1. Could you compute how much accessible surface Ile219 exposes when probed at 1.4 Å, giving the result in Å² to the nearest 10?
2. Would you work out what percent of the accessible area of segment 106-242, with all protein chains in place, is carbon or sulfur (probe 1.4 Å)?
3. Return one whole number: the accessible area per residue of segment 1-55 in Å², for a 1.4 Å probe.
4. Go through Lys166, Lys31 and list them by solvent-accessible area, largest first, probe radius 1.4 Å.
5. Roughly how much of Ile9 is accessible, in Å² to the nearest 10, using a 1.4 Å probe?
6. Just from the alpha-carbon atoms, what are the Rg and Dmax of segment 126-250 in angstroms?
7. Might you work out the accessible area of Leu161 for me, using a 1.4 Å probe with all protein chains in place, and round it to the nearest 10 Å²?
8. Using a 10 Å cut-off on Cβ atoms, rank the peptides 227-234, 146-153, 183-190, 57-64 from the highest mean neighbour count down.
Amino acid sequence: MEYVFLTAIGVGGATIIGALIGFAFKNLSHKFSDIVLSFAAGVMLAAAILGLILPSLEYGGKWGIIITVVGIFAGALSLNLIDRLVPHLHKLAGADIESHGNTNLGKVMLFVLAIAIHNLPEGIAAGVGFGSGNASQAFLIAGGIALQNVPEGMVIIAPMLSAGIKPGKTFFIAMMTGLVEVVGTLLGYFAVNVAAVILPFALAFAGGTMIYVVSDEMIPETHAHGSERGATYALLVGFCLMLVSDVLIG
């Protein structure tokens, strides 16, 4: 249990690390951000497949393929529903939330709220990974999500400062978005431990949410500023790094 709690803190704390970087380097280039986010996308994609979807097939028994496919689509559809209510990264980035001096505070706070809401299922995915009993895979999943949280923490700082929010309050809001992920991680872990029978579905559901985030949000965002080639290779590097880590740890 202590590993789960520490991992939850680490996953949420990655957002805070990103926020601190955002304070230190307020004018990071889009190219740098895209490369970092693409690398994290590759890590998350591999973590979803290796740590969640394949174990779902294994634990599902004779109905494994059906449970896994249904779980993947259930996870994706859940995030699709959330997106209809609160759009995320590239959709709000396209609304020019970083136009200094003319930043719409409402848009900025909607952007931050979107990140906080999307952090909940990502945290649940990290917690569900521990429910499988395979600690190495769980740490790989959590590591992938944490990596993705760093650039997210970075990108929310400049818009809030531009909107006139004081630095102390800006940091507090960023910290709260990370806390949502801590709560999600603990929820995911306790859910699959209370009802172990739902583990195959929960694993696939979590995998579906992660693949949805990568495809619907991270890849479009990293291909929106002219860095497509570098972003693509960064994704491949992240994916292959996870493959190597899985083989070495496994």
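1. Approximately 60 Å² of Ile219 is accessible to the 1.4 Å probe.
2. 75
3. Per-residue value: 44 Å².
4. Descending accessible area places them as Lys166, Lys31.
5. Accessible area, nearest 10 Å²: 80 Å².
6. 16.9, 49
7. 40
8. Final packing ranking: 146-153, 183-190, 227-234, 57-64.
The values are calculated or read from the model by the stated rules, or taken from the named source; none is laboratory data. Predicted model only: the values in this text are computed from it and were never measured. Cβ atoms come from the backbone with ideal geometry, glycine included; neighbour counts cover every protein chain shown. Ligands, DNA and RNA are stripped out before the accessible areas are found, and what is left, the full protein with its side chains, is counted by its heavy atoms. Shrake-Rupley method; radii C 1.70, N 1.55, O 1.52, S 1.80 Å.
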